Amino acid sequence: MNATVKLQKSWFKEGHTKSYNFRKEQLVKVKKMLTTFEKPIINALKFDLNKSEYEAYASEIAFLKSEIDHHLKQLKSWMQPTKVKAPLTHTGSKNFIRKEPYGTVLVIAPWNYPIQLALAPVIGAVAAGNTVIIKPSELTPTVSWVLKKMIEQYFPAHYIAVVEGDKNVTQELIDQPLDYIFFTGSVPVGKVIMEKASKRLIPITLELGGKSPAIIHKDTSIDLAAKRIVWGKFTNAGQTCIAPDYLYVHHEVKADLIQALKKYIREFYGDRPLENPEYTKIVNHSHFNRLTSYLESGTVVSGGTTDDQVHKIEPTILDQVTWSDAVMQDEIFGPVLPVLTYADLDEVITQINERPKPLALYYFGEKDEDQQLIMDSISFGGGCINDTLYHIINPHLPFGGVGESGMGSYHGRASFDTFTHEKSITKQTTKFDQSFRYPGSPFRLAVM
Ligand code: NAD
């Protein structure tokens with residue numbers, strides 16, 4: 001580990017990663033690697049998570065390829081120094097911001113989209129001219145193995161390396177003299193990373209989680225809202241950081257909404273979702289047990305069956321849930337959907353604002369002023385009006401949390417910026433000198 005970091009840091013210092021052509025070629029290589037390893041990636045995702053081929057391709061491989069295309073189109077212009085204006089005191093000088101890589105970056109990834117979340121930050125880090133060490137999650141070991149094999153086949157370890165292992169390995173890694181840490185994972189581990197990074201003042205991005213609400217107001221199209229919620233919640237069996245964690249629905253439309261949710265669960269996953277070969281499993285036994293314990297909160301009105309042999313939990317809706325139930329204490333991160341009701345939007349705003357700032361928030365409702373009220377009154381990472389998850393697939397939108405749901409952002413330009421240090425330069429003229437700043441100058445007071 002220590003040797004890999006040393007190797008990368010000295011190779012970085014030699015300047016190989018900085019030119020536009022080098023960066024461009026590496027991005028093209030990552031794309032080629034994804035094509036070559038498409039089958040092994042899809043098979044590994046099937047083995048570790050039972051991800052369907054479609055979900056594996058769309059949410060991991062295609063997502064990354066489109067992110068690479070976006071970077072390739074924009075990289076040259078992003079890399080240009082930015083000229084800036086200057087005050088009169090700087091007459092004769094040129095002032096600009098150089099875009100510089102940090103050096104050696106560590107990317108720590110979780111297991112839920114184990115290819116996408118390991119490689120999307122790598123795209124930004126490579127585009128910005130850094131070397132990268134990837135630490136994949138130990139909970140999806142087959143994917144982690146494939147990731148290591150493909151990186152080793154395409155990149156030398158002094159440029160991009162994969163270090164496999166559990167939390168002890170991560171802890172050892174973050175003790176190294178890294179130049180940047182990009183962490184995606186849970187809030188408690190995010191705190192550990194931040195504390196450790198602070199010892200060496202290593203800059204960090206934290207992409208964390210939390211409870212992301214979907215608010216369903218009475219003036220929305222209930223059927224369409226239900227369809228988009230079922231898709232956003234049960235894709236990857238709810239193991240998505242920005243999945244709607246719980247529903248907050250106007251009491252007048254709750255019964256209709258639950259009916260519509262049931263309809264779409266049946267339409268998307270069939271009458272017996274546990275037997276549906278396309279339905280993702282829960283990653284391991286301990287998460288399976290954690291999630292099944294939530295079925296004791298409120299009343300199960302849809303789903304509720306589980307299979308501990310294959311770690312599957314049916315898409316489940318819980319009604320009659322209160323804020324004090326177990327299911328409302330922590331991020332659910334699974335296919336269990338509690339429903340709370342409200343009478344007016346002020347109550348919604350007060351309740352959500354009393355809790356940690358969500359990573360995502362979804363508002364379903366037609367009136368502009370209500371949409372505006374929610375956007376103005378609640379702080380959250382990002383989200384959608386009248387949809388779920390869709391904001392994450394627009395490379396023009398920075399993606400990240402706020403408060404307990406994270407700090408910093410990435411995707412598209414935001415990725416390049418995250419892994420880039422902005423070095424501010426004043427290039428002074430030597431043709432003349434202004435004396436006002438010097439001791440004894442008669443003009444000195446004029447500028448104070
Ligand atoms: P996790 O925090 O348990 O693990 C993430 C990574 O940290 C793994 O590589 C793991 O090996 C390492 N790790 C675990 N414990 C550690 C410790 N004590 N010290 C150092 N490293 C440690 O998260 P997870 O279970 O893999 O992923 C689920 C969480 O990630 C959820 O909270 C979810 O919301 C969040 N998440 C966030 C995003 C986002 O983009 N904001 C995306 C996906 C997942």
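Per-structure values
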| read-out | value |
| --- | --- |
| Ascending count of other beta-carbon atoms within 10 Å, so fewest first, for Glu366, Glu314, Glu207 | Glu366, Glu314, Glu207 |
| Packing-based order for 372-380, 335-343, 76-84, using average beta carbon neighbours within 10 Å, highest first | 335-343, 372-380, 76-84 |
| Stretchable slack from Glu369 to Asn168, in nm (0.36 nm times residue separation minus alpha-carbon distance) | 67.4 nm |
| Average Cα contact separation per residue, region 316-433, under 8 Å, 6 or more apart, as relative contact order % | 17 |
| Per-selection metrics, the chain (Cα): Rg and Dmax in Å | 24.6, 88 |
| Placed amide H near Ala161: partners under 5 Å, 5+ positions off or other chain | Val132, Ile133, Ile134 |
| Ellipsoid equivalent to region 342-448 - semi-axes via the Cα gyration tensor, in Å | 47, 20, 13 |
| Simple Cβ-charge dipole of the chain, Lys/Arg +1 and Asp/Glu -1, about Cα centre, in debye nearest 20 | 2940 |
| Extension gain from Lys39 to Phe432, taking 0.36 nm per residue of separation minus the Cα-Cα distance | 135.0 nm |
| Loop-located GluC sites (Glu not before Pro) in region 219-323 whose Cβ has at most 16 other Cβ within 10 Å (DSSP) | Glu278 |
| Choice from Gln239, Gln320, Gln434 showing the highest fluctuation, given a GNM over the chain with Cα pairs closer than 10 Å | Gln434 |
| Dipole axis of the chain (+1 Lys, Arg; -1 Asp, Glu on Cβ), positive-most option in Ile265, Val143, Tyr390 | Val143 |
| Per-pair calculated FRET efficiency, R0 = 51 Å: Asp271 and Val84 via Cβ, rounded to 0.05 | 0.25 |
| Cα-based Rg / Dmax (Å) for region 365-412 | 11.8, 31 |
| Segment Gln74-Trp145, extension gain: residue separation times 0.36 nm, minus the distance between their alpha carbons | 22.4 nm |
| Label-point separation, Asp223 to Trp323 (7 Å along Cα→Cβ), nm | 3.5 |
| Residue (of Ala255, Pro338, Ser324) at the positive-pole extreme of region 213-393, dipole from beta-carbon charges | Pro338 |
| Normalised contact order of the chain, rounded percent, pairs of Cα under 8 Å and 6 or more residues apart | 18 |
| Set Lys31/Lys51; Lys6/Lys135; Lys83/Lys423; Lys196/Lys423 screened for pairs whose C-alpha atoms are more than 18 Å apart | Lys31/Lys51; Lys196/Lys423 |
| Of all DSSP beta bridges in the chain, antiparallel share, percent nearest 5 | 35 |
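A short reminder: the numbers here are calculations on the coordinates, not readings from a lab. This one's a predicted model, so the numbers in the text were calculated from it and none came from an experiment. Glycine gets a Cβ as well: all are built from the backbone with ideal geometry, and neighbour counts include every protein chain shown.
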